Amino acid sequence: MTLPWHQNAFAKLKQMIDQNHLPHALLITGMLRIGKFELMQQLVGVLINNDKTIDKDNVRQELDTSVLIRRSNYLNMIYCRAGEINPTTKNRSKNIRVDQIRKFCETLGKTANELQIGVIFYADQMNVNAANSLLKTLEEPRKNTLIILLAHNAKSLPVTIVSRCQSIHIGPAYDQATQAWIEQHIEHNEDFDVAHLLEAAHGVPFKVLDEFSGDRFIHYQKWQNQLLNIAIHPMTINQTEDFDGVEVEVLDCLQHLVIEGIRLKSLKREGGLVELNQIIMAAKIDFLFKLLNDVSHAINLSKTNANIKLLLDNILIVWSHITHLKTYPQILENKQ
């Protein structure tokens, strides 16, 4: 079944197949977790008329042994990926190495009567020598062979490689069908504005699911309740031990609350969270926007050497007074 946000990309691939115009090399691009691997699996399933065989491939799991390529359950299909253990250093490689690509090309170079498929993920993790080694195979493709490159960012690939591939891009999705898909895959979806969650995840549905996987949903609800309680009862700001070590996650949670608050206040509507309704009724919308800007900036600073605990403490002080602030304080200096 085609994922809702893959409809356009898969329609282009299907048209290539139906018109017998499938190229020798495909480049599938899109943001991290947008589902490039899943789209590739669906394509291969159609080509070999057996999607169940491809679904059994567990090649994204890291191995404790050194391998150059991995084989599919479909006999004429191989994978080349980053993160394999280097046989020389015994360390896990962050990049795809040239010895991997050489083995990949050598294997695809063997004659086969049936379609041969080689998948590289993620191609923008190839080092320079690996990319150069792949180029010859792309320039002189063998008959009955399809190479599929998956990449997060095509700009990170050499132009010579991109120009020899037919590109298919999976864009971010915010449509109703995608929102409905998310609602079907998360519990207690009535507690959240799915459109807002999708916006916060930059249109990447799998990222929304990641936010609520395992115990994360339980923790998220706990952080959300504590944050709402701080704004309603400011004295509870001293009871934030549960935020220690998860400051960025708490900032993300607060960001979601503030965005939802701004949305509801702008629409003059009430949401499903009673406490949030009380907060936005009393808070000034321009202060909410300023707080959102500070929270976003704090999240960006968390990627530097900034003291994230101090950043969160400063943010929470403002949040605890958001319903009765007369002027908005400057809490983060040197904002760009």
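Taken over region 237-247, the criterion of being without any contact (Cβ under 8 Å) to a residue 24 or more places away in the chain and not in a loop (DSSP other than H, G, I, E, B) is satisfied by N238, E241, D242.
Taken over region 263-285, the criterion of being in a helix (DSSP H, G or I) and more than 19 Å from I232 (Cα to Cα) is satisfied by R263, S266, L267. Taking first residues from region 121-132 that are in contact (Cβ under 8 Å) with a residue 60 or more places away in the chain and on the phi < 0 side of the Ramachandran plot and partners that are open to solvent by less than 50 Å² (accessible area, probe 1.4 Å) and of a type in the set (V, I, T), the Cβ contacts under 8 Å between residues at least 6 apart in sequence or on separate chains come to A123/I96; A123/I161.
Give the residues of region 224-233 that are at pLDDT 95 or above and either open to solvent by 70 Å² or more (accessible area, probe 1.4 Å) or farther than 17 Å from S296 by Cα (or both), sorted by residue number. Result: Q226, L228, N229, I230, A231, I232, H233.
Remark: pairs (first residue in region 270-290, charged (D, E, K, R); second residue assigned to a loop (DSSP other than H, G, I, E, B) and open to solvent by less than 90 Å² (accessible area, probe 1.4 Å); Cβ separation under 7 Å; 6+ apart in sequence or on different chains) = K290/Y328.
So which residues in region 9-58 are without any contact (Cβ under 8 Å) to a residue 24 or more places away in the chain, open to solvent by 50 Å² or more (accessible area, probe 1.4 Å) and either touching a strand residue (DSSP E or B) at 6+ places or on another chain (Cβ under 6 Å) or not in a loop (DSSP other than H, G, I, E, B) (or both)? Before you say what the answer is, go through the steps one by one.
Residues of region 9-58 that are without any contact (Cβ under 8 Å) to a residue 24 or more places away in the chain, as a first pass: 11, 15, 18-21, 41, 45, 49, 51-58.
From the residues that got through so far, the ones that are open to solvent by 50 Å² or more (accessible area, probe 1.4 Å) too are 11, 15, 18-21, 49, 51-52, 55-56, 58.
Scanning region 9-58 gives A11, Q15, D18, D51, K52, D55.
Of the numbered criteria (1) open to solvent by 40 Å² or more (accessible area, probe 1.4 Å); (2) closer than 22 Å to K268 by Cβ; (3) of a type in the set (A, V, I, L, M, F, W, C), the one L325 fails is (1).
The values are calculated or read from the model by the stated rules, or taken from the named source; none is laboratory data. Predicted model, so just to flag it, every value in this text is computed and none were measured. Virtual Cβ from ideal backbone geometry, glycine too; neighbours counted across all protein chains shown. Please note that ligands, DNA and RNA were not included when accessible areas were found on the heavy atoms of the full protein model with its side chains. Shrake-Rupley method; radii C 1.70, N 1.55, O 1.52, S 1.80 Å.
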